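> Quick one: the structure is below, and I'll ask about it shortly.
The values are calculated or read from the model by the stated rules, or taken from the named source; none is laboratory data. Every value quoted in this text rests on a predicted model; they were computed, and no experiment measured them. A quick note on method: Cβ atoms are made from the backbone with ideal geometry, for glycine too, and the neighbour counts reach across all protein chains shown. In case anyone asks, the SASA skips ligands and DNA or RNA and just uses the protein heavy atoms, side chains included. Shrake-Rupley method; radii C 1.70, N 1.55, O 1.52, S 1.80 Å.
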Amino acid sequence: MSKNRNWFQTLGRYSLPFVFVIVFVFNLSFGTVYVSPLKIFQLLRQESAEKYMIWNLRFPRVLMATLTGIALSLVGNIFQAIMKNPLVDPYLIGTSAGASFGALLAIYFIVNSIAHVSIPTMSFIFAVIASSLSILLAKKGNVVPTVHLVLSGVLVSTLFSAGSMLLLNIANKSLVTGHVWLYGSFSGMTFRDLIVPASSLGVFVTLAFTLSKQLDAMTLGEKEAKSLGINVEALKWTFYLLGSFVTATFVSKTGIIGFVGLVVPHMARIIAGPKHSKNLLATILIGGILMSVCDTLARTLLNPVEIPVGIITSFIGAPFMFVLLKWKNGVAK
């Protein structure tokens, strides 16, 4: 059994990079107009409407979907480590809903000339408020029970989603595309949209790999981590604030996309094991693959009608969460 598991993990680790590249190229092929993978690269040497469609419209969209999957998955992985809770992700603890509300509020202020504010900054502020509120509501002494965190996260997410709906109703025609922040979409992405989210993700990835051993220690418990000389509070708040900012920069562009940050870290640990030096890379690859595939399904399943990508990820994530909760309760008994 152990040999089969090791073989599976080795196969998974070595095949993931190839799958990642193949999936990315094939996602460029599919859309309203199908373009073969071979032709995609041939288009680089010619000027045509197809080249513009692939490299100026479809490429930034697929790239944003891939980076969003990486970001949400990586933040979910780190949050699960620092909070020692396998059911934590930016969606479930309200971070995404808070970031979405902040982005909509900033847009509302700008559109109605109330104030000129930064959309990523407002998104970040409300992301931190929402996730902090979830943790505070769930906390019992120094412990944050899993079920309590999930329930408080649902409560806070509902609260901020209701706030977003209220804003949309008040704004009426001035926020006609505001529904994007409630269901998630990569439609209309440009290279300019990628700059801030990709930069914040680059910093987060670098820090995560640099401090991977400290994250391993955190999964053992705070006392054990402190005994190894790790400044636990500094580590937690650094990743908590930076993770919230990364989530906010992506959500402010794409809207709320749920369950990716919950599902992918568990897949990564199955393939790469518990050590963060290995499963962080697996998280990046699986997250990019999953989200880009979900986006391709969202824009092709009912072509020319586009399904919000958050609906696709929810169909995958909700059953997974149910199985995870049942398994955890079974272990607890």
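> With the other protein chains left in place, how much accessible area per residue, in square angstrom, belongs to the chain at a 1.4 angstrom probe?
Each residue of the chain exposes 48 Å² on average to a 1.4 Å probe.
> With +1 on each Lys and Arg Cβ and -1 on each Asp and Glu Cβ, and nothing else charged, work out how big the dipole of region 176-329 is about its Cα centre, in Debye to the nearest 20.
320
> Over the alpha carbons of the chain, what is the largest minus smallest coordinate on each principal axis, giving the biggest first in Å?
Result for the chain: principal-axis Cα extents of 62, 56, 34 Å.
> Give the Rg (one decimal place) followed by the Dmax (whole number) of region 59-143, computed from C-alpha coordinates and expressed in Å.
Values for region 59-143 (Cα only, Rg and Dmax): 15.2, 49 Å.
> In square angstrom, rounded to the nearest 10, how much accessible surface does residue 70 have for a 1.4 Å probe?
10
> At 1.4 Å probe size, what's the solvent-accessible area of residue 52? Round to the nearest 10 Å².
Taking all protein chains as shown, residue 52 has close to 130 Å².
> Also, I was wondering about something else. If you take the charge dipole of region 218-333 about its Cα centre, with +1 on Lys and Arg Cβ and -1 on Asp and Glu Cβ, which of 221, 303, 250 is farthest toward its positive end?
Working it through, the farthest residue towards the positive pole turns out to be 221.
> Given a 1.4 angstrom probe, I'd like the percentage of the accessible area of region 113-155 that is carbon and sulfur, rounded to a whole number.
72
> Over all distinct alpha-carbon pairs, what is the Kirkwood Rh of region 222-263 in angstrom?
Here the Kirkwood hydrodynamic radius works out to 12.2 Å.
> I've got another one for you. Carbon and sulfur atoms: what percent of the 1.4 Å accessible area of region 196-333 do they account for?
70
> Among 237, 114, 282, pick out the residue whose Cα is farthest towards the positive end of the charge dipole of the chain, where Lys and Arg carry +1 and Asp and Glu carry -1 on C-beta, about the Cα centre.
So the residue we want is 282.
> At 222 nm, what helix-only mean residue ellipticity would the chain give, in deg cm²/dmol to the nearest 500, using -39500 (n - 2.57) for each DSSP H run of four or more?
The per-residue figure over the chain is -25000 deg cm²/dmol.
> Let me ask another. Taking the alpha-carbon centroid of each part, what is the distance from region 193-258 to region 87-138 in angstrom?
The distance from the Cα centre of region 193-258 to that of region 87-138 comes to 18 Å.
> Still on this model: Filter the chain for me: DSSP H helices, axial length by Cα at least 18 angstrom, mean Kyte-Doolittle hydropathy not below 1.0. List them by residue number.
59-82, 95-111, 119-138, 146-171, 191-210, 309-332
> Let me ask something else about it. Could you give the radius of gyration (one decimal) and Dmax (whole number) of the Cα atoms in region 77-123, in Å?
Cα only, region 77-123: 14.4, 44 Å (Rg, Dmax).
> Hey, another quick one. Protein chains only, probe 1.4 Å: how do 233, 222 rank by accessible area, largest first?
Largest to smallest exposure gives the sequence 233, 222.
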